[in-house]
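Below is one structure, written out as structure tokens; comments come after it.
The values are calculated or read from the model by the stated rules, or taken from the named source; none is laboratory data. These figures come from a predicted structure and were not determined experimentally. In this analysis, Cβ positions are derived from the backbone assuming ideal geometry, glycine residues included, and neighbour counts consider all displayed protein chains. All accessible areas refer to the heavy atoms of the entire protein, side chains included, with ligands and DNA or RNA removed. Shrake-Rupley method; radii C 1.70, N 1.55, O 1.52, S 1.80 Å.
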Amino acid sequence: MQNFFVISGCSGGGKSTILSALDRQGHATICEPGRRVVKDQVQSGGTALPWIDLAAFAREAMACCLKDHSAAARLSGPVFFDRSLIDAVAAFEHATGSTEYRAHAHMYRYAQTVFLAPPWPEIYITDAERRHSLEDAKAEFARLERAYQALGYNTVLLPKVPVAARVNFILSRV
């Protein structure tokens with residue numbers, strides 16, 4: 001899907017803020033699956049949470065990503081994803097060591113260029129849905145960068161500049 005643009009990378013690196021800005025400009029956006037899973041699990045008393053059961057969390061996120069991918073196929077123009085199926089597959093592999101879902105990452109494709117938000121300590125914060133440390137987020141970033149590149153994607157690091165400039169950087173490459 002050449003019009004499916006992923007913004008991935010470090011937790012707390014400003015991805016959701018960028019997606020909100022793109023949405024305000026009228027672009028089609030898909031919110032981060034992981035945050036939706038956490039919200040749903042907390043509300044329902046579930047345990048598929050990254051700090052309780054990372055593998056179950058990743059499975060839920062993968063299911064959400066598959067629905068998002070299908071729904072986005074009905075949209076026209078560029079669609080911007082806050083993370084993707086590849087992020088969820090990488091989380092599952094990290095939690096379990098199993099590659100049983102890797103075929104999904106090959107089957108459900110996105111645009112060749114993937115934007116990665118690098119670790120940015122000056123803006124990193126934790127909250128009720130992001131409980132891990134900056135060091136954990138940096139390790140996640142490294143895993144994601146390797147995962148996208150191993151799947152043949154061209155990863156482009158987002159500059160550490162104000163949101164409007166980051167949005168312009170992305171749009172100039174879409």
Can you work out which of the residues in the range 40-70 that are aliphatic (A, V, I, L, M), open to solvent by 30 Å² or more (accessible area, probe 1.4 Å) and modelled with pLDDT under 95 is farthest from HIS94 (Cα to Cα)?
VAL42
Could you tell me which numbered condition GLY9 fails, if it satisfies all but one of (1) touching a strand residue (DSSP E or B) at 6+ places or on another chain (Cβ under 6 Å); (2) open to solvent by 40 Å² or more (accessible area, probe 1.4 Å); (3) under 21 Å from LEU157 (Cα atoms)?
(2)
Criterion: open to solvent by 50 Å² or more (accessible area, probe 1.4 Å) and among the hydroxyl-bearing types (Ser, Thr, Tyr) - qualifying residue of SER84, SER76, SER98:
SER76
Taking only pairs six or more apart or across chains, which ones have beta-carbon atoms under 9 Å, a first residue in the range 1-25 that is over 23 Å from ARG146 (Cβ atoms) and of a type in the set (Val, Ile, Thr), and a second residue that is open to solvent by 10 Å² or more (accessible area, probe 1.4 Å) and assigned to a loop (DSSP other than H, G, I, E, B)?
THR17/ILE123
Can you tell me which condition GLU100 does not meet? The list is (1) touching a residue at least 60 places away in the same chain (Cβ under 8 Å); (2) assigned to a loop (DSSP other than H, G, I, E, B), and all the others hold.
(1)
Tell me which of these VAL42 doesn't satisfy, since it passes every other one: (1) under 20 Å from SER8 (Cβ atoms); (2) in contact with an Asp or Glu (Cβ under 9 Å, 6 or more places away or on another chain).
(1)
Name, by its number, the condition in (1) more than 30 Å from PRO162 (Cβ to Cβ); (2) touching a Cys at 6+ places or on another chain (Cβ under 8 Å) that does not hold for ARG59.
(2)
Go over the candidates VAL174, VAL161 one by one and state the one that is touching a residue at least 40 places away in the same chain (Cβ under 8 Å) and assigned to a loop (DSSP other than H, G, I, E, B).
VAL174
